[in-house]
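A short write-up of the structure that comes next.
The values are calculated or read from the model by the stated rules, or taken from the named source; none is laboratory data. All of these numbers come straight from a predicted model, not from anything done at the bench. Glycine gets a Cβ as well: all are built from the backbone with ideal geometry, and neighbour counts include every protein chain shown. Surface accessibility is based on the protein's heavy atoms, side chains included, excluding ligands, DNA and RNA. Shrake-Rupley method; radii C 1.70, N 1.55, O 1.52, S 1.80 Å.
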Number of protein chains: 2
Amino acid sequence: MKAIEKFLEEKHVRPTAMRMLIFKFLAQKQVAVTLADIEIAFEKSERTTIYRTIKTFENSGIVHVIEDGSGVSKYALCEAGCNCELDSDLHLHFHCEICKETQCLTETKIPHINLPPGFTATDASLVVKGTCDKCNKE
Amino acid sequence: MKAIEKFLEEKHVRPTAMRMLIFKFLAQKQVAVTLADIEIAFEKSERTTIYRTIKTFENSGIVHVIEDGSGVSKYALCEAGCNCELDSDLHLHFHCEICKETQCLTETKIPHINLPPGFTATDASLVVKGTCDKCNKE
DNA sequence: ATAGTCCTGCAACGGAAGTGCATTTTTTCC
DNA sequence: GGAAAAAATGCACTTCCGTTGCAGGACTAT
């Protein structure tokens with residue numbers, strides 16, 4: 001918990017109790033979560049607080065948003081190798097159509113994309129859909 | 001109009017007046033449109049009809065959905081080179097952060113992605129964000 | 001022409017995102 | 001330590017988008 005507190009301070013986010021709990025929850029999850037997921041995990045607290053906490057995390061580069069096509073936004077902690085701020089970074093996310101879970105595959109490298117003349121890229125998001133390793137074993 | 005009628009019939013979609021109009025609208029647009037865009041263009045007709053028309057088009061492989069991160073779904077006609085049904089197809093879409101428009105860059109090829117062991121892909125979507133050619137000229 | 005199927009229009013629902021404002025908590029500064 | 005200021009939280013409400021149920025209208029087939 002002390003580590004979380006320090007981390008949040010480094011990101012210029014005040015380490016309130018709620019924020020540390022939500023951060024811990026995100027850290028424990030191996031997959032991206034929706035706002036509703038967090039609400040269920042913390043029934044005692046308010047939707048708005050969770051919403052604003054995630055927004056704060058997002059603006060501070062602590063989490064990044066994933067639109068996996070399920071219609072609702074999902075959030076995952078930015079890892080060490082996740083250069084969300086960098087222009088050239090490509091986020092690879094995998095959405096399992098069986099268990100409906102979305103995870104970051106940070107170790108999978110994405111080749112560079114050549115855009116047509118006149119286009120300049122600042123960000124990119126790649127969502128691959130299919131069956132994840134767990135569901136393929138069953 | 002006759003061509004549209006024929007095309008819809010080939011896709012096993014009955015060529016009603018509404019459907020042909022919406023198809024024509026989509027064909028004229030160079031960018032992906034939202035349901036709201038179509039509603040504005042056809043103020044006289046009902047939201048639901050447009051919604052169901054697009055759903056019909058989607059299920060018949062006439063249009064494909066794009067989630068460009070703006071929160072709302074956008075739709076674009078499947079072109080000749082758009083193998084929406086094929087498993088290995090990668091849809092490359094470009095979302096301009098200035099004019100907020102999303103377009104299909106079908107001529108831009110996507111390299112193959114190597115997934116970690118255990119993962120199998122059935123679909124993928126790639127959205128690149130930045131500045132489009134038009135906005136870069138200004 | 002009639003029955004059946006499909007399409008369209010209207011109304012309403014539901015989920016998720018977002019906002020305004022009052023209250024509480026935390027920080028700052030004396 | 002205590003008051004003032006700033007930030008975080010809780011509650012209510014709104015809006016937006018997608019979706020569905022149902023009734024009437026249009027089309028198709030026989």
List pairs: first residue in the range B:10-38 and part of a loop (DSSP other than H, G, I, E, B), second residue of a type in the set (D, E, K, R) and open to solvent by less than 70 Å² (accessible area, probe 1.4 Å) anywhere in the structure, Cβ distance under 7 angstrom, at least six positions apart or on different chains. B:VAL13/B:ARG19; B:PRO15/B:GLU5; B:THR34/B:LYS74
Can you tell me which of (1) open to solvent by 30 Å² or more (accessible area, probe 1.4 Å); (2) modelled with pLDDT of 95 or more is the one A:ILE40 doesn't meet? (2)
When (1) open to solvent by less than 40 Å² (accessible area, probe 1.4 Å); (2) more than 7 Å from every other protein chain (Cβ to nearest Cβ); (3) within 16 Å of DNA strand C (Cβ to nearest atom); (4) not aliphatic (A, V, I, L, M) are applied to A:HIS91, the one that fails is (3)
Starting from residues that are near DNA strand D (Cβ under 10 Å from one of its atoms) and within 18 Å of B:THR102 (Cα to Cα), keep the ones in the range B:1-36 and report whichever is farthest from the other protein chains (Cβ to nearest Cβ). B:ALA36
Being of a type outside the set (A, V, I, L, M), within 14 Å of the chain's Cα centre (by Cα) and surrounded by 15 or more Cβ atoms within 10 Å (Cβ to Cβ) is the filter here; which residues of the range B:43-62 pass it? B:THR53, B:THR56, B:PHE57, B:GLU58, B:GLY61
Scanning the range B:100-137 for residues that are of a type in the set (Lys, Arg) and not in a loop (DSSP other than H, G, I, E, B), which turns out farthest from the other protein chains (Cβ to nearest Cβ)? B:LYS134
Across the range B:49-73, what is the total count of residues that are more than 12 Å from DNA strand D (Cβ to nearest atom), within 14 Å of chain A (Cβ to nearest Cβ) and in contact with a helix residue (DSSP H, G or I) (Cβ under 9 Å, 6 or more places away or on another chain)? 1
